[in-house]
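A.B. asks: First the structure, which I've put down as structure tokens, then a few questions once you've had a look.
The values are calculated or read from the model by the stated rules, or taken from the named source; none is laboratory data. Please read these numbers as outputs of a predicted model, since none were measured by experiment. Positions of Cβ are generated from backbone atoms using ideal geometry, with glycine treated the same way; all protein chains shown enter the neighbour counts.
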Amino acid sequence: MGDLKGAMGFDAVYIGIGAGLPVFMNIPGESLSGVYSANEYLTRSNLMKAYLFPKYDTPIIMGKNVAVVGGGNVAMDSVRTALRLGAENAYLVYRRSKRELPARTEEVHHAEEEGVNFQLLTNPLEVLGDDKGMVRALKCIRMQLGEPDADGRCKPFPVSGSEFELVVDTVVIAIGTNANPLLTATIPELKLTKWGYIETDDSGRTNIPSVYAGGDIVTGSATVILAMGAGRKAAKAIHEEPGRQEGRTRAGML
Ligand SMILES: Cc1cc2nc3c(=O)[nH]c(=O)nc-3n(C[C@H](O)[C@H](O)[C@H](O)COP(=O)(O)OP(=O)(O)OC[C@H]3O[C@@H](n4cnc5c(N)ncnc54)[C@H](O)[C@@H]3O)c2cc1C
């Protein structure tokens, strides 16, 4: 930060690094070959065109039986991507019931239409591997819902003795992302929330003068519209900083 505002001569800095640190389940077997975070799976298959390997350099395991763990829009993207990559069985493993799925109804509907196999009220316990370190199955347990809590959400409980193995060769974990500390850890004076997101005011001002932030790194995973709005608000605030209107503005992106 000192370099940006000092040696490189920028008057203001906007941090918009997103919240791309994948959350894993911390169950045994998550380091087996064939387990992806949704970020990696979608980045490889879409941005890096792994479906055209070897024409493009990035490979991806084109699983025949793929389990995607999670119930949000990213899980729906991942499970439908698995089908497009040629999966014969694409399972959506979610620990609550269809009613609680956080994905948009439209996304769920499209996934159903495309033939996704919904394993609802199901929670993964362990990823099982073969002797080559490749995924061979996902050990799961069936769940049941308890009474609604104060927020109206029903807590899921495991049904004892209901463990079973879902035979899969690929597992995609799509249970959310957190703030990535890679950049924020290099700016010790930057004020963060207890979850590692950057604290700002409504215009994106951080606690460091002329350093702004916005988007997912402030709000947590949200939407493109909100991230764009945050950028516009911060740009306006930067423009209105005393003395900023005089002379030309030089903008750089890192
Ligand atoms: C699979 C998926 C599907 C989604 N679908 C939708 C949707 O349909 N509609 C919707 O509104 N939202 C959707 N979202 C959410 C949306 O993508 C985000 O809310 C939005 O992109 C956040 O914008 P941002 O600018 O804060 O961060 P991002 O768009 O994540 O951009 C951050 C950028 O900063 C870069 N970066 C990170 N660290 C550094 C660093 N140290 N130095 C330099 N660069 C860095 C990253 O590489 C990235 O390019 C989806 C998200 C995912 C993961």
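A.B. asks: Test residue 129 against the criterion of being small (Gly, Ala, Ser), more than 16 Å from the ligand (Cβ to nearest atom), in the same structural domain as residue 27 (by TED's automatic domain parsing) and touching a residue at least 60 places away in the same chain (Cβ under 8 Å), and give yes or no.
C.D. replies: Here the answer is yes, as residue 129 does meet what is asked.
A.B. asks: Here's another thing I want to ask about it. Could you please tell me which pairs satisfy a Cβ distance under 7 Å, a separation of 6+ or placement on different chains, a first residue in the range 162-186 that is farther than 26 Å from residue 93 by Cβ, and a second residue that is more than 10 Å from the ligand (Cβ to nearest atom)?
C.D. replies: 181/196; 184/190; 184/192; 184/196; 184/198
A.B. asks: Exactly one of (1) assigned to a helix (DSSP H, G or I); (2) modelled with pLDDT under 95; (3) among the aliphatic types (A, V, I, L, M) is unmet by residue 108. Its number?
C.D. replies: Every listed condition holds for residue 108 apart from (2).
A.B. asks: Quick one: count up the residues across the range 122-156 that are outside any strand (DSSP E or B) and within 27 Å of residue 31 (Cβ to Cβ).
C.D. replies: Counting residues in the range 122-156 that are outside any strand (DSSP E or B) and within 27 Å of residue 31 (Cβ to Cβ) gives 4.
A.B. asks: Kindly indicate whether residue 159 is within 29 Å of residue 24 (Cα to Cα), within 16 Å of the ligand (Cβ to nearest atom) and of a type in the set (A, V, I, L, M).
C.D. replies: no
A.B. asks: Picking from 215, 229, which residue would you name as being among the small types (Gly, Ala, Ser), farther than 25 Å from residue 23 by Cα and within 15 Å of the ligand (Cβ to nearest atom)?
C.D. replies: Criteria check complete, one pass: 229.
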